[in-house]
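Novice: This is the structure I have questions about; it appears just below.
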Amino acid sequence: MARPEGIPVWKDIGVAPPPAAGALERKPIVIVGGGPVGMAMALDLGRRGHDIVVVTRWDFLPAYSKAICWSKRSLDILDRLGVGQRLVDKGVVWNVGKVFRGDDKGPVYEFDMLPVKNQKRPGFINLQQYYAEEYLHDAVSALDNVDFRAGHSVTGVRQEADSVVIDISCGDVDYKIRTDWLIACDGNKSSVREMMGLDFEGRVFEDNFLIADITMKEERPSERWFWFNPPFNPGQSVLLHKQPDDMWRIDFQVGWNIDREAVTQDENVEPRIRAMLGDDVEFKKEWYSVYTFQCRRMARFLHGRVIFAGDAAHLVSPFGARGCNGGFADIDNLGWKLDLVIRGDAPESLLESYDYEAIVTADENILNSTRSTDFLTPKSAVSEAFRDAALTLAADHAFARPFVNSGRLSTAVAYPDSPLNTNDDDRWSAGVRPGFPPLDAPFGTGWLLDRLGGGFTLLANGVQGAPPKGVSLIDVSMQSGLSVLIDRYDLEPGSAYLCRPDQSVAARWKSPTAEKIAAALNRAKGT
């Protein structure tokens with residue numbers, strides 16, 4: 001296939017050999033898109049034992065840097081998929097963000113992305129997307145039940161009563177796959193979405209940022225630094241992140257009515273960098289590009305036997321690192337549900353809960369991203385006055401600091417109103433509520449989330465009898481040294497939690513019974 005012009009290559013994969021021209025294959029699951037979300041989806045379902053075909057049009061991993069910020073919850077998910085440690089080992093760990101204003105040397109506000117300490121993973125790591133893709137691709141390639149077809153493009157999609165027929169092209173060979181389930185993870189310009197005549201709803205903001213990825217030897221702390229109206233970009237904002245390999249990401253706000261091609265030319269970017277870093281700092285260009293803020297999503301993510309995830313389903317502006325992290329939340333939510341449906345352990349209607357919960361997550365990300373964008377680029381004199389007042393007050397008054405919005409960073413989203421939840425017991429005064437993500441804690445020499453794994457789990461402090469079939473048991477009364485865990489979950493003797501395969505809490509009881517646990521399990525499975 002012809003490679004896109006101007007896209008550098010990080011890793012050659014090679015074109016996968018196509019079947020015979022005109023072939024009609026039968027496959028249970030096809031994933032379209034070989035980016036991080038598509039590969040994570042393949043890894044999740046592949047590790048659950050399903051045969052997967054991944055169709056992706058590029059036969060290489062691109063070397064330009066896109067996503068760089070990986071949230072704690074994404075690292076938790078990637079741990080479950082067996083690749084989290086590689087990302088952490090290579091990445092730059094950070095928890096603290098600082099906000100500066102004008103030419104002030106000190107921050108007007110700083111925040112900690114891991115306020116609850118003593119957890120396995122940090123609040124964030126910074127790592128170029130191509131490393132994440134490489135590690136995911138290595139893990140997917142190690143699975144015999146995942147057929148990764150690089151260099152193959154989808155050219156047609158047709159839904160039938162109980163399957164989807166996909167037209168695929170590889171070089172001069174055209175063939176078809178009939179599949180039970182098609183998962184579209186093919187990005188913001190999704191060909192599957194376009195072929196099905198579907199579109200996004202939402203806002204495109206009238207502002208642009210210039211991405212400048214550069215390498216330089218510079219000693220700065222591993223923190224997120226953000227400037228409002230600095231002298232090196234007057235009237236605009238700037239963001240700085242440290243990455244591995246002496247690489248730094250600088251985002252310059254550049255306004256709306258710009259010449260996008262001209263603004264990325266070396267002779268126009270380098271003066272901005274020099275103004276920020278000083279004339280004596282040596283640096284090398286890695287990648288310059290411009291992005292426009294967008295906060296949009298599809299009306300539904302579930303369309304018969306075609307399911308959308310990641311940027312194919314929703315888009316947010318980059319501030320807050322909610323794009324790829326939101327995509328990992330999608331696959332974490334979808335994988336176990338589709339697994340149960342395919343195995344016949346849950347009805348197809350369970351997938352409606354994916355549509356509901358993934359949209360809750362997308363709307364939360366869009367809301368926070370929209371608010372961040374409105375704060376960064378006020379559209380009226382009143383909005384600008386509010387922003388300036390918040391920044392002024394934040395330097396000396398704690399009450400004003402939460403109003404300073406340089407990008408509300410990605411955190412795990414809760415589903416308090418999910419139909420899969422069992423109503424809370426009113427005797428709880430602390431702990432983790434049903435529909436909320438798990439809170440990690442030390443567990444012996446390891447960690448709770450590693451013990452929860454990827455199935456239904458009963459977390460209990462003393463329990464009578466065995467849990468229902470298909471539910472593993474963690475009984476904290478059988479081990480010592482778990483006081484932090486017991487305190488975080490308010491696990492008094494006799495109480496228990498039921499955790500879903502994505503580790504979210506499905507139910508909890510101060511006085512569980514076998515009947516209550518079985519009923520909550522059935523509800524969580526949509527049966």
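Novice: Do the conditions hold for residue 4, that is, is it closer than 20 Å to residue 185 by Cα and either out of contact with any Asp or Glu (no Cβ under 6 Å at 6 or more places or on another chain) or not aliphatic (A, V, I, L, M) (or both)?
Specialist: Judged against the criteria, residue 4 is a match.
Novice: A further question on this structure: Return the only residue of 454, 446 being exposed (fewer than 11 other Cβ atoms within 10 Å of the Cβ) and under 28 Å from the mean Cα position of the chain (by Cα).
Specialist: Testing whether each residue is exposed (fewer than 11 other Cβ atoms within 10 Å of the Cβ) and under 28 Å from the mean Cα position of the chain (by Cα) leaves just 446.
Novice: Further question on the same structure: Quick one: how many residues across segment 14-45 are in a loop (DSSP other than H, G, I, E, B) and within 24 Å of the chain's Cα centre (by Cα)?
Specialist: Adding up the residues that qualify gives 3.
Novice: Any residue at all in segment 368-377 that's closer than 26 Å to residue 497 by Cβ, of a type outside the set (Gly, Ala, Ser) and modelled with pLDDT of 80 or more?
Specialist: no
Novice: Here's something else I'd like to know. Hey, can you tell me all the residues within segment 1-34 that are in contact with a strand residue (DSSP E or B) (Cβ under 8 Å, 6 or more places away or on another chain) and small (Gly, Ala, Ser)?
Specialist: Within segment 1-34, 14, 16, 20, 21, 22, 23, 33, 34 qualify.
Novice: Residues of segment 495-519 being part of a loop (DSSP other than H, G, I, E, B) and on the phi < 0 side of the Ramachandran plot, which ones?
Specialist: 495, 500, 501, 502, 504, 510, 511, 512, 513
Novice: If we scan segment 201-212, do we find a residue that is at pLDDT below 95, surrounded by 14 or more Cβ atoms within 10 Å (Cβ to Cβ) and more than 26 Å from the chain's Cα centre (by Cα)?
Specialist: For segment 201-212, residues at pLDDT below 95, surrounded by 14 or more Cβ atoms within 10 Å (Cβ to Cβ) and more than 26 Å from the chain's Cα centre (by Cα): absent.
Condition check ((1) more than 19 Å from the chain's Cα centre (by Cα); (2) part of a loop (DSSP other than H, G, I, E, B); (3) buried (at least 21 other Cβ atoms within 10 Å of the Cβ)) across all residues:
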| site | (1), (2), (3) |
| --- | --- |
| 98 | yes, no, no |
| 103 | yes, yes, no |
| 111 | yes, no, no |
| 116 | yes, yes, no |
| 120 | no, yes, no |
| 134 | no, no, no |
| 138 | yes, no, no |
| 144 | yes, yes, no |
| 148 | yes, no, yes |
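Novice: OK, next. Within segment 169-202, which residues are touching a Lys or Arg at 6+ places or on another chain (Cβ under 7 Å) and assigned to a strand (DSSP E or B)?
Specialist: Matches in segment 169-202: 177, 178, 179, 180, 181, 182, 184, 201, 202.
Novice: Which ones in segment 285-338 are within 23 Å of residue 258 (Cβ to Cβ) and aliphatic (A, V, I, L, M)?
Specialist: Answer for segment 285-338, where residues must be within 23 Å of residue 258 (Cβ to Cβ) and aliphatic (A, V, I, L, M): 290, 315, 316.
Novice: I would also like to ask the following. Which of the numbered conditions does residue 184 fail, given that it passes all the others? Conditions: (1) under 27 Å from residue 102 (Cα atoms); (2) among the aliphatic types (A, V, I, L, M); (3) within 21 Å of the chain's Cα centre (by Cα).
Specialist: All conditions are met except number (1).
Matching residues to (1) among the hydroxyl-bearing types (Ser, Thr, Tyr); (2) modelled with pLDDT of 85 or more; (3) crowded, with 23+ Cβ neighbours inside 10 Å:
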residue: 315; (1), (2), (3): no, yes, yes
residue: 322; (1), (2), (3): no, no, yes
residue: 328; (1), (2), (3): no, yes, yes
residue: 347; (1), (2), (3): no, yes, no
residue: 359; (1), (2), (3): no, yes, no
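Novice: Please determine whether any residue of segment 390-406 is under 25 Å from residue 473 (Cα atoms) and either crowded, with 18+ Cβ neighbours inside 10 Å or among the small types (Gly, Ala, Ser) (or both).
Specialist: no
The values are calculated or read from the model by the stated rules, or taken from the named source; none is laboratory data. Here the structure is a predicted model, which means the values were calculated and not measured. Because the Cβ atoms are built from the backbone with ideal geometry, glycine has one as well, and the counts that use them run over all protein chains shown.
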